[in-house]
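To keep things clear, I will list the structure first and then write my remarks on it.
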Amino acid sequence: MEAIIVLCTVPTEESAQQIAQALVQDHLAACVNILPGIRSIYYWKDKICDDPELLLLIKSRQELFPLLQRRLQSLHPYEVPEILSLPVQEGAPTFLEWLLRATEVEPAPEE
């Protein structure tokens, strides 16, 4: 299992909470930290923008990234959301074991 941290900025606390809840509920993330109070200066549609944002630190697994990315894009209010995956080089074994368990999806019960 290769652990990753996905970075994603959002415009509001409401969008941060909605995205974090959905990713954890869907077992695409073990944990999402919401960091308020960041300021982003970026180039968009021929002008320099300066906006307050929140940063999501999403803990997941590399193999889940395609699903996580699609889910993020479906929930995100931006036309082009920042979605960057960073590999975790090392981590506490107990934390990584928990991350793996938290991102395992239970098979649907047979009917």
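What follows draws every value from the coordinates through simple rules; no lab data is involved. Values in this document were obtained by computation on a predicted structure and should not be read as measured data. Cβ: placed from backbone, ideal geometry, glycine included. Neighbour counts: every protein chain shown.
On the basis of being under 22 Å from TRP98 (Cβ atoms) and either buried (at least 16 other Cβ atoms within 10 Å of the Cβ) or more than 10 Å from the chain's Cα centre (by Cα) (or both), does ARG39 make the cut? Against the criterion (under 22 Å from TRP98 (Cβ atoms) and either buried (at least 16 other Cβ atoms within 10 Å of the Cβ) or more than 10 Å from the chain's Cα centre (by Cα) (or both)), ARG39 does not qualify.
When residues in region 9-34 are screened for being in contact with a helix residue (DSSP H, G or I) (Cβ under 9 Å, 6 or more places away or on another chain) and not β-branched (Val, Ile, Thr), 11 of them pass.
Pick from region 9-36 the residues that are in a helix (DSSP H, G or I) and β-branched (Val, Ile, Thr): which of them is surrounded by the fewest Cβ atoms within 10 Å (Cβ to Cβ)? Of everything passing the filter in region 9-36, VAL24 is surrounded by the fewest Cβ atoms within 10 Å (Cβ to Cβ).
For region 69-96, taking the residues that are among the hydrophobic types (A, V, I, L, M, F, W, C) and touching a residue at least 40 places away in the same chain (Cβ under 8 Å), the one that is surrounded by the most Cβ atoms within 10 Å (Cβ to Cβ) is identified as LEU72. For region 50-68, the criterion of being in a loop (DSSP other than H, G, I, E, B) and either free of Cβ contacts under 8 Å to residues at least 24 places away in the same chain or surrounded by 14 or more Cβ atoms within 10 Å (Cβ to Cβ) (or both) is met by no residue.
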